[in-house]
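Colleague: Just dropping this structure here.
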Amino acid sequence: MGVVYNRQAFTGEECQEWAGHVTGGGYVCLGNILAGEEVVAVMAETFEAPGEEDFAANLLAALTAGQDAGGDRRGMQSAALLVAREGGGCGGTSDFLVDLRVDDHADPIEELKRLYLLHGRLNP
């Protein structure tokens, strides 16, 4: 899922089924080899729904909803969360407010949530 001011998406004809995208007010949900169209639809719905005030937590909720809707047909292995804001990094030395990734885990989204909670404790 990407959140940008000027959003565009393209799904090529040679992608493996199911592949596609949904665009909304400043975001794009997209995927390749997904369980179905409902995966990106529920991600967009979750992102747009009132709920988490914390932007990164809202992105994690959308990832969770997409996984709960079937996610990637190949299963789970990795997940990442990147939130950038000008000067948002530690001491304003970078633009990366949150930059977390799980490269190999049986439940990567839950592990990403755990890391995000730790990140919040270390970076209040």
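Computed from the coordinates by the stated procedures, all read-outs in this text should not be read as laboratory data. Given the structure is predicted, the values throughout are model-derived calculations rather than measurements. Every residue, glycine among them, receives a Cβ derived from its backbone with ideal geometry; neighbour counts consider all protein chains shown.
Colleague: What shape does the stretch 67-124 take by its C-alpha gyration tensor, where a ≥ b ≥ c are the square roots of the eigenvalues and a/c under 1.5 counts as rounded, a/b above b/c as prolate, and the rest as oblate?
Modeller: Values: a/c = 3.05, a/b = 2.19, b/c = 1.39.
Note, shape of the stretch 67-124 comes out prolate.
Colleague: Follow-up question, since we're still on this one. Between beta-carbons, use under 14 Å as the cut-off and find the net charge around Ala69, counting Lys and Arg +1, Asp and Glu -1.
Modeller: The answer is -4.
Colleague: Would you please classify the overall shape of the stretch 1-71 from the alpha carbon gyration tensor, given that a ≥ b ≥ c denote the square roots of the eigenvalues, rounded means a/c under 1.5, and beyond that prolate means a/b larger than b/c while oblate covers the rest?
Modeller: Details: a/c = 2.63, a/b = 1.39, b/c = 1.89.
Because a/c hits 1.5 or more and a/b fails to exceed b/c, the stretch 1-71 counts as oblate.
Colleague: Taking only the Cα atoms of the chain, how large is their convex hull per residue, in Å³?
Modeller: That works out to 115 Å³ per residue.
Colleague: Using Cα pairs under 8 angstrom and six or more residues apart, how large is the relative contact order of the stretch 76-124, in percent?
Modeller: 37
Colleague: To make sure I understand, if each residue's beta carbon is the centre and we count other beta carbons within 10 Å, what order do Glu86, Glu14, Glu45 fall in, fewest to most? All intermediate terms of the calculation are to be shown ahead of the outcome.
Modeller: On the way: Glu86 9, Glu14 6, Glu45 16.
If I rank by nearby Cβ atoms, fewest first, I get Glu14, Glu86, Glu45.
Colleague: Non-local amide H neighbours of Gly20 (under 5 Å, H modeled in plane, Pro and chain starts lacking H): which ones?
Modeller: Correct list: Gly31.
Colleague: Along the charge dipole of the chain, which of Ala65, Gly25, Leu100 sits closest to the positive end, that is, farthest toward it, with unit charges on the beta carbon of Lys, Arg, Asp and Glu (+1, +1, -1, -1)?
Modeller: So the residue furthest toward the plus end is Leu100.
Colleague: Separate question: Taking θ as phi - 60°, what are the ³J(HN,Hα) couplings along the stretch 14-22 by the Karplus curve (6.51, -1.76, 1.60), each to the nearest whole Hz, with x for Gly and Pro?
Modeller: After applying 6.51 cos²θ - 1.76 cosθ + 1.60, I find 8, 5, 7, 5, 7, 9, x, 8, 10 Hz.
Colleague: Related question: Across the stretch 113-120, in residue order, what do the Karplus-derived ³J(HN,Hα) couplings come to in whole Hz, using 6.51 cos²θ - 1.76 cosθ + 1.60 with θ = phi - 60° and x for Gly and Pro?
Modeller: 4, 4, 5, 5, 4, 4, 4, x
Colleague: Just flag the chymotrypsin sites (Phe, Trp or Tyr not before Pro) in the stretch 1-83 sitting in loop per DSSP whose Cβ has no more than 16 other Cβ atoms within 10 Å.
Modeller: Passing both the DSSP loop test and the Cβ count: Tyr5, Phe10.
Colleague: So if I take the centroid of the Cα atoms in the stretch 23-51 and the same for the stretch 72-105, what is the distance between those two points in Å?
Modeller: 18
Colleague: With only Lys, Arg, Asp and Glu charged, each at its Cβ (+1 for the first two, -1 for the last two), find how big the charge dipole of the chain is about the Cα centre; round to the nearest 20 debye.
Modeller: 320
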